[in-house]
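Chemist: The structure follows.
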Amino acid sequence: MPFPPAFIDEVIARNPIEDVVGQYVTLKRSGSNLFGLCPFHGEKTASFSVAPDKGMFYCFGCHKGGGVINFEMEIEGLSYGDAVRALAKRAGLEVPEDEQYQSRYRQQERLWALHKEAARFFHSCLYAPMGTSALEYARGRGMSQTTLTKFGIGYAPDSWSDLVDAMRKKGYTDQELRDSGLVTVSKKNGNLFDRFRDRLMFPIIDVRGNVIGFGGRVMDDSKPKYVNSPETLVYHKSDTVFALQIAKKSASRRFVLCEGYMDVISMQQAGIDTAVCACGTALTPGQVRIISEYADEVILSYDSDEAGQKATLRSLELFRNSPVKVGVLQIPGAKDPDEYIKKYGPERFQALLNGVGNALDFRLKRLRDQYD
């Protein structure tokens, strides 16, 4: 019985190639890659490379290469199935050998596919006549055409069932729609309604490139400003970092942690390709752990108001036991990064980042502001 693709994805995600290879090879960083002596043939000069962002290894001497499963097969002399089982055991995963586990992974795959179709639907609505005001709003917020495409930004129509109807036509069942969190269910008669209506839509994408949820923003001053996907089989807020799938590909290991989607998008558009933000209302230990896998340094770039400063203090505590270096960005003359970039331009914002203070500087400034 073949392993479900979703299970293989999880095995690979839970076994970073640099960690697995590092059990057998002493690796040293050079740029974005790691190098060491090849374990498959004798050599005195390190020609064996590991690319963590791609999850691949390659030896320039013997030309062996591949992903983490290929490495486990080669190094331990295992079949494909046994290599997968060994890596699953290493990560504490149960191998889906029986129908129950196979069913769970098939359900995940259907939800990923459903979210991808929903993202396509929202994105197409942005360019339809119904999305004219949303497109104008996005452009008014400074989003370029490239940015709208890069982030898959869309529009949820001001309708009760446009998404439901479109997904049913694609062959998705009402149960799958309920499991996705894309709909709400009437308590009166059990009818399904679109959760997101008349909102600018931001797809939430995991590190493997799967669409797993959405954030929907109003385009006026009504409340709530954001409606987000609920917890589902594929979306766990406390372990999800918005735009990490982009930031992890950067050559830079200096991440900028913002408060919200708009700050991230504004920074990314300004050329800061490691800008990310936490999903959910506050940073969690799980998100700190995930960021620490990809970053050597994290700059906290929260709003300059009191709520933003308190969030900075909470985040500093969470990063206290992390191996990453942490800095705090003070934003003069603007309430948040998005506003600063629009006022003064990306070059001045980049200069702010380069001159960032450390955690102690931030704490001392807080004390100076509070006391005589």
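The values are calculated or read from the model by the stated rules, or taken from the named source; none is laboratory data. Remember, it's a predicted structure, so these values are computed and weren't measured experimentally. In this analysis, Cβ positions are derived from the backbone assuming ideal geometry, glycine residues included, and neighbour counts consider all displayed protein chains. Accessible surface areas use protein heavy atoms only, side chains included; no ligands, DNA or RNA. Shrake-Rupley method; radii C 1.70, N 1.55, O 1.52, S 1.80 Å.
Chemist: Hey, does region 3-13 have a residue that's over 14 Å from Phe57 (Cα atoms), in a loop (DSSP other than H, G, I, E, B) and open to solvent by 30 Å² or more (accessible area, probe 1.4 Å)? If you could, list the steps in order and put the result at the bottom.
Modeler: Initially, region 3-13 is screened for residues over 14 Å from Phe57 (Cα atoms), giving 3-11, 13.
Among the residues that remain, those that are also in a loop (DSSP other than H, G, I, E, B) are: 3-4.
Then keep just the ones that are open to solvent by 30 Å² or more (accessible area, probe 1.4 Å); that gives 3.
Yes: region 3-13 contains one or more residues that are over 14 Å from Phe57 (Cα atoms), in a loop (DSSP other than H, G, I, E, B) and open to solvent by 30 Å² or more (accessible area, probe 1.4 Å).
Chemist: Next question. Looking at this structure, is Ala86 within 26 Å of Asp206 (Cα to Cα), part of a helix (DSSP H, G or I) and without any contact (Cβ under 8 Å) to a residue 40 or more places away in the chain? Talk me through it step by step, then tell me what you get.
Modeler: On the way: within 26 Å of Asp206 (Cα to Cα): yes; part of a helix (DSSP H, G or I): yes; without any contact (Cβ under 8 Å) to a residue 40 or more places away in the chain: yes.
For Ala86, the condition - within 26 Å of Asp206 (Cα to Cα), part of a helix (DSSP H, G or I) and without any contact (Cβ under 8 Å) to a residue 40 or more places away in the chain - is met.
Chemist: Restricting the search to region 162-179, which residues are more than 15 Å from Ala113 (Cβ to Cβ) and surrounded by fewer than 15 Cβ atoms within 10 Å (Cβ to Cβ)?
Modeler: Asp165
Chemist: What number of residues in region 295-330 are assigned to a helix (DSSP H, G or I) and either open to solvent by less than 20 Å² (accessible area, probe 1.4 Å) or in contact (Cβ under 8 Å) with a residue 60 or more places away in the chain (or both)? Talk me through it step by step, then tell me what you get.
Modeler: Just the residues of region 295-330 that are assigned to a helix (DSSP H, G or I), to begin with: 306-319.
Subsequent filtering for residues that are either open to solvent by less than 20 Å² (accessible area, probe 1.4 Å) or in contact (Cβ under 8 Å) with a residue 60 or more places away in the chain (or both) retains 308, 311-312, 315-316, 319.
Count: 6.
Chemist: Please go through region 37-83 and pick out each residue that is open to solvent by 50 Å² or more (accessible area, probe 1.4 Å) and in a helix (DSSP H, G or I).
Modeler: Of everything in region 37-83, those that are open to solvent by 50 Å² or more (accessible area, probe 1.4 Å) and in a helix (DSSP H, G or I) turn out to be Asn70, Met73, Glu74, Glu76, Tyr80, Asp82.
Chemist: Against the definition (more than 18 Å from Pro2 (Cβ to Cβ) and crowded, with 17+ Cβ neighbours inside 10 Å), how does Leu126 come out, yes or no? So that I can check it myself, show each step before the final result.
Modeler: Details: more than 18 Å from Pro2 (Cβ to Cβ): yes; crowded, with 17+ Cβ neighbours inside 10 Å: yes.
The answer is yes for Leu126.
Chemist: Taking region 331-358 as the region of interest, how many residues are surrounded by 15 or more Cβ atoms within 10 Å (Cβ to Cβ), out of contact with any helix residue (DSSP H, G or I) (no Cβ under 7 Å at 6 or more places or on another chain) and aliphatic (A, V, I, L, M)?
Modeler: So the count comes out to 3.
Chemist: Give the residues of region 129-144 that are farther than 17 Å from Tyr261 by Cα and open to solvent by 10 Å² or more (accessible area, probe 1.4 Å), sorted by residue number.
Modeler: Within region 129-144, the subset farther than 17 Å from Tyr261 by Cα is 129-133, 136.
Scanning region 129-144 gives Pro129, Met130, Thr132, Ser133, Glu136.
Chemist: How many residues are among the basic types (Lys, Arg) and surrounded by fewer than 22 Cβ atoms within 10 Å (Cβ to Cβ) when one looks only at region 196-216? Reasoning before the result, please.
Modeler: Initially, region 196-216 is screened for residues among the basic types (Lys, Arg), giving 197, 199, 208.
Then keep just the ones that are surrounded by fewer than 22 Cβ atoms within 10 Å (Cβ to Cβ); that gives 197, 208.
Here the count works out to 2.
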